Amino acid sequence: MLGAVLGVLAISQRWILRLRSACGQMPPSLTSDQLGRQAEMLAARFFMRRGYSVLERRVQTEFGEMDLVLIDHWHREPQMVIVEVKASFRHEAQPQRRLKVRQRQRLELAAKQFLKQHHLHESPWRLELVAIVWPTPDSLPRLRRFPVNRLKPKG
């Protein structure tokens, strides 16, 4: 139910922005922050439709920001999933290539800090990357998942 509501909100936000752009009230493209927020909403909806629970969004730590923190209920013992979302409007773009080694290291440090602060450091966890591309402004986005690394052991 929540996934459907988030989907409707994402689509309606795009239409409102498109209408405001057509009326000359704002530039025709989204800012990078707006694009990122919309991509994160779509990624959260994607995971919720697959049985995951969204624990937190845009979590700030001293090491950086985590876009989504999820719980994967499809295992005997639930697993934490830290998701980095990358988005682009360019057809030829490959947003997954923008996750550099240093950013991945910061994401791992942020995840470890978050799990420790919430007393979840004993839980298994993994990092995933979601790349979202809108090939044309009027088309539906394409979403692809990439495992950043294998399941992290407990502790």
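The values are calculated or read from the model by the stated rules, or taken from the named source; none is laboratory data. In this text the structure is predicted, and so the values were computed from the model without any measurement. Cβ: placed from backbone, ideal geometry, glycine included. Neighbour counts: every protein chain shown.
Please determine, by comparing only the residues of region 82-125 that are among the small types (Gly, Ala, Ser) and part of a helix (DSSP H, G or I), which one is farthest from residue 145 (Cα to Cα).
To start, the set of residues in region 82-125 that are among the small types (Gly, Ala, Ser) comprises 87-88, 93, 110-111, 123.
The next check asks that each one be part of a helix (DSSP H, G or I); those that pass are 110-111.
Values: 110: 20, 111: 19 Å.
By that ranking, first place goes to 110.
Cβ-Cβ distances below 9 Å connect no pair with a first residue in region 110-124 that is at positive phi, a second residue that is part of a loop (DSSP other than H, G, I, E, B) and of a type in the set (Phe, Trp, Tyr), and a separation of six or more residues or different chains.
Across region 137-155, not a single residue is classified as within 20 Å of residue 63 (Cα to Cα), in contact with a strand residue (DSSP E or B) (Cβ under 9 Å, 6 or more places away or on another chain), at pLDDT 85 or above and not acidic (Asp, Glu). Scanning for something under 20 Å from residue 34 (Cα atoms), crowded, with 16+ Cβ neighbours inside 10 Å and aliphatic (A, V, I, L, M), does region 106-113 turn up at least one residue? Checked region 106-113: no residue is under 20 Å from residue 34 (Cα atoms), crowded, with 16+ Cβ neighbours inside 10 Å and aliphatic (A, V, I, L, M). Being more than 21 Å from residue 71 (Cβ to Cβ), under 14 Å from the mean Cα position of the chain (by Cα), surrounded by 18 or more Cβ atoms within 10 Å (Cβ to Cβ) and modelled with pLDDT of 70 or more is not true of residue 39.
For (1) farther than 20 Å from residue 7 by Cβ; (2) assigned to a helix (DSSP H, G or I); (3) touching a residue at least 40 places away in the same chain (Cβ under 8 Å), each residue gets a yes or a no:
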site	(1), (2), (3)
34	no, yes, no
45	no, yes, yes
53	no, no, no
57	no, no, no
60	yes, no, no
80	yes, no, yes
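Please tell me if residue 70 is under 16 Å from residue 147 (Cα atoms) and either at pLDDT 90 or above or in a helix (DSSP H, G or I) (or both). For residue 70, the condition - under 16 Å from residue 147 (Cα atoms) and either at pLDDT 90 or above or in a helix (DSSP H, G or I) (or both) - is met. The set of residues in region 76-105 being surrounded by 12 or more Cβ atoms within 10 Å (Cβ to Cβ), out of contact with any Leu (no Cβ under 8 Å at 6 or more places or on another chain) and of a type in the set (Lys, Arg) consists of 98 alone.
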